[in-house]
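Values in this text are rule-based calculations from the coordinates and carry no lab data. A quick note: this is a predicted structure, and the numbers were derived from the prediction, not measured. Backbone-built Cβ (ideal geometry, glycine too); neighbour counts: all protein chains shown.
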């Protein structure tokens, strides 16, 4: 059977890329003959590569107009695509989409920065405000039901940065997020309470280590891996740990997409739009601007301890 070539333009951010990967996984499951190429920022490309859903990655280095032009040239030289999906919906991604040799150029119905002027088609409006539901509207353009499925299976060749207990008694905490207004300030106190309450469990901080939150000290079962893990290693840690506690961030979306238990802490963003998807999964817990001790945490701990 002749393969159908699809180009997905979704350069950033990591959480949004994970959302888009759920849609791509659904498409590959329903239509395995489709070969997918993906335009993604170079620093985020390992996440797409580890998904094993993509034939070719076109890496976009976001440093200036010259890098945009180089990326557009590479897109234009990649051959003819049966369809191009602009899942980003911004002017830059629309220009990339226009540079592709595509029989159909399809963009988001809610595209911004006049991006919808560059498409031949736009997706239907989603009935649900969640980001995954919005991106799922691309599926019917290729005759697949607009319903993203999970889990996403990531294949990681790199070794884990830390030895984990065989019984899986480890919890990831991700105190960082993209934007200070998303970062809950009580991770130090929460982690200290958890380390003392569960001395046989390991509690691991992950992230870039740039948000300035100080880590707890004096606990043999606490490990601060901020700035010490690659993106593939982070994916592997999430897969091998019992659960993840995170702000509205990439870590939260990774855990949800991998069907791992996750507690999402929200300050100003709306979990109806960007909470762990799907929101009704019994393994997903949400807390909005909580104190250090809160019911959602107790429910999350009860779930991972007893399941």
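Structure values in brief
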item: FRET efficiency, 1/(1 + (r/R0)^6) with R0 22 Å, evaluated for residue 128 and residue 289 via beta carbons; result: 0.40
item: Cα-based helix-to-principal-axis angle, 295-306 vs the chain, degrees rounded to 10; result: 90
item: With Cα atoms, 0 to 90° folded angle of helix 14-30 axis to the chain main axis; result: 60
item: Distance from the stretch 1-60 to the stretch 134-153 (C-alpha centre basis), Å; result: 13
item: Computed FRET value (nearest 0.05) for residue 149 with residue 230, which takes r as the C-beta separation and R₀ as 41 Å; result: 0.90
item: The stretch 211-307: antiparallel DSSP beta bridges as a percent of all, rounded to 5; result: 0
item: Theoretical gain in end-to-end length, residue 210 to residue 307 [0.36 nm per residue, Cα-Cα removed]; result: 31.5 nm
item: Förster-model FRET efficiency, 51 Å R0, residue 270 and residue 160, C-beta, rounded to 0.05; result: 0.90
item: Using alpha-carbon coordinates, inclination of helix 231-240 to the longest axis of the chain, degrees; result: 50
item: Order by protection proxy (mean Cβ within 10 Å, highest first), peptides 231-243, 46-58; result: 231-243, 46-58
item: Quotient of C-alpha Rg and 2.2 N^0.38 Å, computed over the chain; result: 1.03
item: q = 0.12, 0.13 Å⁻¹, the stretch 170-306: log10 I(q)/I(0) [Debye, one scatterer per Cα]; result: -0.40, -0.47
item: Cα→Cβ-extended label distance, 7 Å offset, between residue 67 and residue 13, nm; result: 1.7
